[in-house]
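Input: a single structure, listed below in structure tokens.
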Amino acid sequence: MARRWLRGWLLAALAFGGASLIVPLYVVELGGDAFALGILFATSSFVGVPGALVFGGMADRTGKRRIFVLAAMAITVVTMLAIPALETLWLVIAVHALLWLGFAAAIPVLTLLVVSGEVESEWSGLIARLNKFQGIGWALGLFVGFLVISAGTAVVETITAQRIFFLVCAASAAGGFLIAARTLPPDPRPGAEPEPRQLRRRVRAASSFNVRGAAFPFTPSKFDPRKLNPRRFAERFSPTLAVYFAAVLLVFTGFGTFFAPLPAYLDGVGHGSGEIFALYLVLNVGAAAFYGGAVQLVRRYDVMPTHIGGLVARGGALPAIGVVGAVVGGTALGLGVTGLVFVLIGLTWAVIVVTAATLVTKLAPVSIRGEALGMYGALVAVGGGVGGLLGGTLASLGFTLTFGVAGAFVLVGAGIVAGLNRQSGVSASDVDPVL
């Protein structure tokens, strides 16, 4: 049964993957500037934590889970049909936020639903399969977007081709809804659920990678914000963890500063919508493909040095995009070189995501590890949102400056982490074998 409904979620993930890029490109086509993209990026980041928190809690209290997953798919259909009919930027931004609110609400529920009725020994494999299907769907959304936009712009105007792809995303989400409605497992009977602490521990082990974060920092499946206990967390918060969280906030602010105005930059240097889809596709595929390689790097060089290396490489790659654009612009050579840098950015995401959760777990006191992981996820969302606003604002002064600031945030964060290296005591043996 799980295999059948996961196919439905794959179709929904295809729509989400396509929406992640087609909406910013549509905003640009409507005349939106980098500031508008910053608002678009920030709002969709900020709705994530409350979405996961509120709806995840409701699913726990009511025992109803199917309805939240189906509602997220239905929202996707409606928003993908509504956005191409809108020509007012602020309405597009508002509907886009609703789309990602649905996504954020569904992810924690899916993680619980996928193990419903299964023995504990099967949980890791089922959650890993969920992440796999979601990642494949996300990449397919970018690939289909590349095909539709590239073919469409050869015969119709760019904005018309984009609107056609919105309809493709809506159709995919609708297909996923129909499959899920027929095949989702029933809601659990009262008292039939596995022990929450055991489940959450296994969720942390098996669902730490999400390809969406390669180009969009907020990834709600990496944590369960319901674990947050603010009072206990504040009482047992350690200085070392505080320093690392400061680095996390800086790093993800840098990521948001870079990615929020990026579609406007790529369009401005002469890359068409189809080419931009191709660039985002290689970034996401690179992240997914290097996941296993990142684990091997950790086992060879230990967690902290690998984490620092990933941050330094990404911090250098972000401003490199601006240099490439300034030197070769939107030429074929420029597209090729930009593509190589995008691959590097994707590879570094795999390294960062493999190591970050392990570092949080090892740096936090044992009694608050769950809260620490929840706080880490919240900082990711806040940093991404603040960075989106900052990137959209700075872009008016030039993209080279914006990407340089983004890289500086990441490199400063890497320097802070390097300062913790000698006292952390985190080693390769701490990597969860599930990873």
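Numbers at a glance
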{"read-out": "Residue that is nearest to Phe166 (Cα to Cα), among those in segment 271-287 that are surrounded by 24 or more Cβ atoms within 10 Å (Cβ to Cβ) and among the small types (Gly, Ala, Ser)", "value": "Ser273"}
{"read-out": "The one condition in (1) buried (at least 22 other Cβ atoms within 10 Å of the Cβ); (2) at pLDDT below 95 that Ala326 fails to fulfil", "value": "(1)"}
{"read-out": "Criterion (buried (at least 24 other Cβ atoms within 10 Å of the Cβ) and either at pLDDT below 85 or assigned by TED's automatic domain parsing to the domain that holds Gly48 (or both)) met by exactly one of Ala428, Ala372, Ala381, Ala406", "value": "Ala372"}
{"read-out": "Inter-residue pairs, beta-carbon under 8 Å, first surrounded by fewer than 20 Cβ atoms within 10 Å (Cβ to Cβ) and in segment 175-187, second of a type outside the set (Asp, Glu) and assigned to a loop (DSSP other than H, G, I, E, B), 6+ apart", "value": "Thr183/Met1; Pro185/Met1; Pro185/Ser116; Pro185/Gly117; Asp187/Gly63; Asp187/Lys64; Asp187/Arg65; Asp187/Ser116"}
{"read-out": "Tabulated pairs, segment 321-341, first touching a residue at least 24 places away in the same chain (Cβ under 8 Å), second surrounded by fewer than 16 Cβ atoms within 10 Å (Cβ to Cβ) and part of a helix (DSSP H, G or I), C-beta under 9 angstrom, 6+ apart or interchain", "value": "Gly322/Thr400; Gly322/Leu401; Val323/Thr400; Gly325/Thr400; Ala326/Thr400; Gly334/Val327"}
{"read-out": "Residues located in segment 152-162, provided they are in contact (Cβ under 8 Å) with a residue 24 or more places away in the chain and surrounded by fewer than 19 Cβ atoms within 10 Å (Cβ to Cβ)", "value": "Thr153, Thr158, Ile159"}
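The values are calculated or read from the model by the stated rules, or taken from the named source; none is laboratory data. The shown structure was predicted, so the numbers you read here are calculated from the model rather than taken from an experiment. All Cβ positions, even for glycine, are placed from backbone atoms using ideal geometry, and neighbour counts span all protein chains on display.
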